[in-house]
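*Asks:* Shown below is the structure under consideration.
The values are calculated or read from the model by the stated rules, or taken from the named source; none is laboratory data. Keep in mind that this is a model prediction, so the values were computed, not measured. Positions of Cβ are backbone-derived with ideal geometry, glycine not excepted, and every protein chain shown enters the neighbour counts. What goes into the accessible areas is simple: the full protein's heavy atoms, side chains included, and nothing from ligands, DNA or RNA. Shrake-Rupley method; radii C 1.70, N 1.55, O 1.52, S 1.80 Å.
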Amino acid sequence: SYRSAVTGPVALVASIDATPVIVWGGSASSLSDRTTYPTMSRSVVSDSDTTNSLVRAMKAIGWRSFAILAVNDAWGSSLAQDLANQFLLGVTAIASFSFGDKAQMEEAVRLIAQSGSRIIVVAAFESELAAISGFAEGFGMLNAGYAFIVPYDFDINGAVAVNSDPESSRARFTGW
């Protein structure tokens, strides 16, 4: 599986009899611990490497603060924690939600909107982006002056396909 939430337990079980595990998407920084996961390798960079690059780019642009909106799983929590650790005082808000829980997504987007942050780093899965963008639009966050950063590539067609109004969703993702 590409999810860190699955990769960790699989790698733990595999290490019992020294079975190698090679993953293509388990990016959580905690998976870099060679003592805990001695037989696991991955073909993607860790979240700490990704956030290091992201923080350097944000500082180079001159951005001093931002908010984090993240799914509350191994990957989202890892990414949020790594960002917070690397940017230190620049994080104005961190809001999380359970995977697929639209009520929690809406509340998390509301908290970010109330924080006053205009730069939002989003750690969410493609299937959640349409709902998140809809909530952001409802809170007036899809106009000029806001920047949403999705630190990983995503297929806009996949994100749009899960929405009941694909054309509206496609228009919301312009610039993401």
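*Asks:* Sort through 65, 48, 15 and tell me the only one that's open to solvent by 20 Å² or more (accessible area, probe 1.4 Å), in contact (Cβ under 8 Å) with a residue 12 or more places away in the chain and over 30 Å from residue 133 (Cα atoms).
*Replies:* 15 is the lone residue from the list that is open to solvent by 20 Å² or more (accessible area, probe 1.4 Å), in contact (Cβ under 8 Å) with a residue 12 or more places away in the chain and over 30 Å from residue 133 (Cα atoms).
*Asks:* Condition check: at pLDDT 90 or above, open to solvent by less than 50 Å² (accessible area, probe 1.4 Å) and assigned to a helix (DSSP H, G or I). Does residue 132 satisfy that?
*Replies:* Yes.
*Asks:* Another question, then. Failed condition for residue 104, given (1) buried (at least 19 other Cβ atoms within 10 Å of the Cβ); (2) farther than 21 Å from residue 28 by Cα, with all others met?
*Replies:* For residue 104, the failing item is (1).
*Asks:* Just to verify a result, which residue in the stretch 80-89, among those that are open to solvent by less than 60 Å² (accessible area, probe 1.4 Å) and at pLDDT 85 or above, is nearest to residue 125 (Cα to Cα)?
*Replies:* 80
Results for (1) surrounded by fewer than 21 Cβ atoms within 10 Å (Cβ to Cβ); (2) not β-branched (Val, Ile, Thr), shown as yes or no for each residue.
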{"residue": "26", "(1), (2)": "no, yes"}
{"residue": "34", "(1), (2)": "yes, yes"}
{"residue": "44", "(1), (2)": "yes, no"}
{"residue": "56", "(1), (2)": "yes, yes"}
{"residue": "69", "(1), (2)": "no, yes"}
{"residue": "75", "(1), (2)": "no, yes"}
